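All of the numbers you see were taken from the coordinates with simple rules; none came from a lab. As the structure is a prediction and not an experimental result, all values here were calculated from the model. Because the Cβ atoms are built from the backbone with ideal geometry, glycine has one as well, and the counts that use them run over all protein chains shown.
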Amino acid sequence: MNYTKENCPVCGKQFTENDDIAVCPVCGTPHHRECYLERKECANTAKHAEGFEWTPSDEPQLPNIEHSFNAGAHENDKIVCPYCGRANDVGEPVCVSCGARLYGNAPENNVPFTQVPNYGNPNVVQIQPNDIIGGHTVADTAEFVQRNAEKYIPKFYKMERTGKKLSFNWAAFFFSPYWFFYRKMNLIGAAFMIVSLAVSVICTTPGVIAAMEQFNNAYQQFISGNESITQQQLNDLLMNYLTMPEMMISSIANFLLHLAAGIFGNFYYKQKVKKDISWVKESANSPEQYRILLFKRGGVSLTMVVLSVVGIYCLEQIISMVLLKIQGGGI
């Protein structure tokens, strides 16, 4: 969500695109993260008991609708999209027709649809802070996830409601294994990294090394001005290297690894959230310590991403040197 038109309720300054924003998991009030940590609570904590829910300044305040999946929905119930009026299956967090969120959402005043249901329609799914995901409240889960919690909560909620363990994660697919380190799932990230490196080692045969060296030598001669090496010859050498069976197998294996990360990423993350929040509850001696541990244990880690990138690069260089020595008879 774009908060650039809003002001921090603590310092009063308007948010910018570069600000690190912390959103209250109970009422949704945005704060500068520094302000939130300094205050140690939401600026609207006193209003939480009244069911206060923050809304953007340019959007109307909606009534507090006490309805959720846990309120007795049945398999044959339908969720009516407040934007387009499409009836969706009860397990869907977003409309299959227009993509609008089906929980705690309402249409803009200028929506060109005439069959938009009333905001208080009981079929519009509401995810409440006290609803349960993995044995813990939505509020605690959101506070643990922190960054992009608004994206993960509906996915976890749907998995919990439908009993499905799989939910595709595009970030895990494109950025594996680094996404696992980013979300502090270091062991799983290390496992994906080891498998990827193992595939690389197995597929780096003497023939592959020879083809790579042949291309590199030709490329060096080409850029140095050697007219005996043409662009076409260089392209042929490159295609010969890329289309070798070992390289094709390596590409397919790595694609399958990324696909597995995308398919199982949300499941692994949901399990981590459940396990870590349980650990925090057992370890904390006070509500204040509970919140501190929840904040520290959750969130993301850019440090681990950097370390994993450097670690993979160093391991690849070491493996390459060892393989070259073996190929050259040095070992």
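Quote to one decimal, in nm, the extra length available between L259 and L238 on full extension: 0.36 nm per residue of separation minus the C-alpha distance between them.
Numbers: separation 21, 0.36 × 21 = 7.56 nm, distance 2.68 nm.
Computed gain between L259 and L238 is 4.9 nm.
Using the Karplus curve 6.51 cos²θ - 1.76 cosθ + 1.60 with θ = phi - 60°, work out ³J(HN,Hα) for each residue of region 10-15 in order, rounded to whole Hz, and write x for Gly and Pro.
8, 9, x, 7, 6, 5
Which entries of K47/K296; K155/K274; K40/K270; K47/K272 show an alpha-carbon separation above 20 angstrom in the structure shown?
K47/K296; K40/K270; K47/K272
Below 12 angstrom from the Cβ of K275, what's the summed charge of the other residues (Lys, Arg +1; Asp, Glu -1)?
Surrounding charge for K275 is +4.
Loop only per DSSP, at most 12 neighbouring Cβ atoms within 10 Å: give me the GluC sites (Glu not before Pro) in region 188-267, ordered by residue number.
E227
At a 10 Å Cβ-Cβ cut-off, how would you order I319, I229, fewest neighbours first?
Final ranking by Cβ density, sparse to dense: I319, I229.
Around K40, under 14 Å between beta carbons, what's the net of Lys plus Arg minus Asp minus Glu among the other residues?
-1
Could you work out how far the C-alpha centroid of region 10-62 sits from that of region 266-331, in angstrom?
Using only Cα atoms to place each centre, the spacing works out to 30 Å.
Excluding N254 itself, calculate the net charge of residues whose Cβ lies under 15 Å from the Cβ of N254, where each Lys or Arg counts +1 and each Asp or Glu counts -1. Provide the component values of the computation, followed by the final result.
Working: positive: none; negative: E246, E316.
So the surrounding residues net to -2.
Fewest to most neighbouring Cβ within 10 Å: what's the order for W179, W279, W54? Intermediate results must be reported in sequence, preceding the final value.
Working: W179 24, W279 12, W54 19.
The fewest-first ordering by Cβ neighbours comes to W279, W54, W179.
Can you give the FRET efficiency to the nearest 0.05 for I326 and F295, using r as the Cβ-Cβ distance and R₀ = 56 Å?
0.70
Please list, in order along region 311-325, the HN-Hα scalar couplings obtained from phi with the Karplus expression 6.51 cos²θ - 1.76 cosθ + 1.60 (θ = phi - 60°), rounded to whole Hz, x for Gly and Pro.
Per-residue couplings from phi come out as x, 5, 4, 5, 5, 5, 5, 5, 4, 5, 5, 5, 5, 5, 5 Hz.
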